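Everything below concerns the one structure shown next.
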Amino acid sequence: MKELTKTFIEYEYETCVICFFAGRQPAIVQQPEWFENDQPEIDFFAVPEDATGEEAELRRNFFNERGVYLLFNDTLGIRQTPTLSGDTMTNLQVIDFLWDMTPSDQYRDSIKFVYQNDEAQRRAATSFLQEEVFKELPELFYPYSVLLVEEIWRYPNTGYVSQWQTMLTLHALQCSAIAINHVNEMTDAEKDELIMNIVGDFVISRINLIPEEDFEEFYSFSKNYYNLNGYEMGQLGGTAETCGFLEVEQWLAITKEDDKMAFLNKVFELSEEEFRTTYDAYPLIISKMEALVKLLNNYEVNIYR
């Protein structure tokens, strides 16, 4: 397997500090020549106007059809930046899928991609994503851009012995990566399952776009049991399931957010028949599933229809 590993760039930020002095106007300082930047701003996500070839056409057509930038590589381009010494510094513009407000290299995960290098496979994967996956994904959950690759690998650096794990999707601030491989060899059933898995990942990763008050009906069925743990529910004569929860830690209280995410993952994992069969003995769970599915359908997420 051909593997390409990226080393992520730490971006430099220019910080402007404004000082206020009582009773005095601040001095106006003429910026030195090196501070000026007359370079045109480049949209690194867009296809260059003079770009030709099949890859450029695939990316243009995808944007024109879906309004989302399509990428085949997480290195967007190169930026030349003047320095204080008068030299020019070259920076690679790389999408950092592990960006964090408080980054720490000590337990920073590793990510690597296998790119879509075969033209026929890339064409088939793009068509599948554009015409079938995004057809089922409501525009509310569209990403700014999508990186289409064959494989996504992640190494969870927890400080303990771990191993590389394959992933279907990976989400960053301005980009979502999707792994689609040999789609033209899949059966219709396999394609349908892949579509639902991708749509589920996108909806779950952006579920905060749905206002919290819209979940009130879902929460109402277990409103008396939130912030209790499994032991405390047992003291009240119930279990996690009879209280309407899919799972509850014995000594860890369950929150509304925990409950919502557990149900979201489960409805995208199981078919309606599988869900009803599995939880048939627990009416609160069935009622919450129905409330959640109705809410998702209201936002054009086609599940259990």
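What follows draws every value from the coordinates through simple rules; no lab data is involved. No experiment lies behind these values; they were computed from the predicted model shown. Here the Cβ is made from the backbone with ideal geometry for all residues, glycine too, and neighbour counts use every protein chain on show.
Can you compute the FRET efficiency between residue 89 and residue 174 using 1/(1 + (r/R0)^6), with r the Cβ-Cβ distance and R0 = 25 Å? Round to the nearest 0.05. Let's see the in-between values first.
Working: r = 23 Å, r/R0 = 0.92.
With R0 = 25 Å, the Cβ-Cβ based efficiency is 0.65.
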Over segment 205-305, what relative contact order in percent results from Cα pairs under 8 Å that are six or more residues apart?
-> 29 percent
Semi-axis lengths, Å, segment 129-214, gyration tensor of Cα atoms, sqrt of 5 times eigenvalues = 22, 21, 12
How much FRET efficiency would the formula 1/(1 + (r/R0)^6) give for residue 98 and residue 269, where r is the Cβ-Cβ distance and R0 is 30 Å, rounded to 0.05?
-> 0.70
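Let's test the formula: R0 of 45 Å, r as the Cβ-Cβ distance of residue 75 and residue 239. What FRET efficiency results, to the nearest 0.05? It would help to have the intermediate numbers written out before the result.
Working: r = 51 Å, r/R0 = 1.14.
It comes out at approximately 0.30.
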For residue 140 paired with residue 300, estimate the spin-label separation in nm (one decimal), with each label point 7 Å from Cα along the Cα-to-Cβ line.
-> 1.0 nm
Radius of gyration and Dmax over the Cα atoms of segment 212-298, both given in Å | 12.4, 38
For 167, 89, 289, what's the fewest-to-most ordering of other Cβ within 10 Å of each Cβ?
-> 89, 167, 289
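By how many nm would the segment from residue 60 to residue 131 lengthen if fully extended, with 0.36 nm per residue of separation less the alpha-carbon distance? Before the final figure, lay out the partial values.
Numbers: separation 71, 0.36 × 71 = 25.56 nm, distance 1.45 nm.
That pair, residue 60 and residue 131, stretches by 24.1 nm at full extension.
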Once you treat every alpha carbon in segment 159-305 as an equal point and sum by Debye, what is log10 I(q)/I(0) at q = 0.09, 0.12, 0.19 Å⁻¹?
-> -0.35, -0.61, -1.21
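Sorted by packing (mean other beta-carbon atoms within 10 Å per residue), highest first, where do 224-232, 250-258, 142-150, 66-74 land? Walk me through the numbers before you get to the answer.
Numbers: 224-232: 15.6, 250-258: 14.0, 142-150: 20.8, 66-74: 18.9.
Descending mean neighbour count gives 142-150, 66-74, 224-232, 250-258.
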Could you please state, rounded to a whole Å, how far the C-alpha centre of segment 182-258 is from the C-alpha centre of segment 43-97?
-> 38 Å
Any idea what diffusion coefficient segment 186-234 gets from Stokes-Einstein, in µm²/s, Kirkwood Rh on alpha carbon pairs, 10 °C, 1.306 mPa s?
-> 114 µm²/s
Mind putting a number on the dipole of segment 212-298 about its Cα centre? Charges go on the C-beta only, +1 for Lys and Arg and -1 for Asp and Glu, and I need it in Debye to the nearest 20.
-> 160 debye
How much length is gained on full extension from residue 204 to residue 112, taking 0.36 nm per residue of separation minus their Cα-Cα distance?
-> 30.8 nm
With contacts defined as alpha carbon pairs under 8 Å and 6 or more residues apart, what's the relative contact order of segment 150-242 in percent?
-> 16 percent
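Among 223/288; 112/191; 112/135; 191/288; 191/294; 223/260, which pairs are too far apart, with a Cα-Cα distance over 19 Å? Show your work: numbers first, answer last.
Details: 223/288 11 Å; 112/191 24 Å; 112/135 28 Å; 191/288 28 Å; 191/294 24 Å; 223/260 12 Å.
In this structure, 112/191; 112/135; 191/288; 191/294 lie more than 19 Å apart at Cα.
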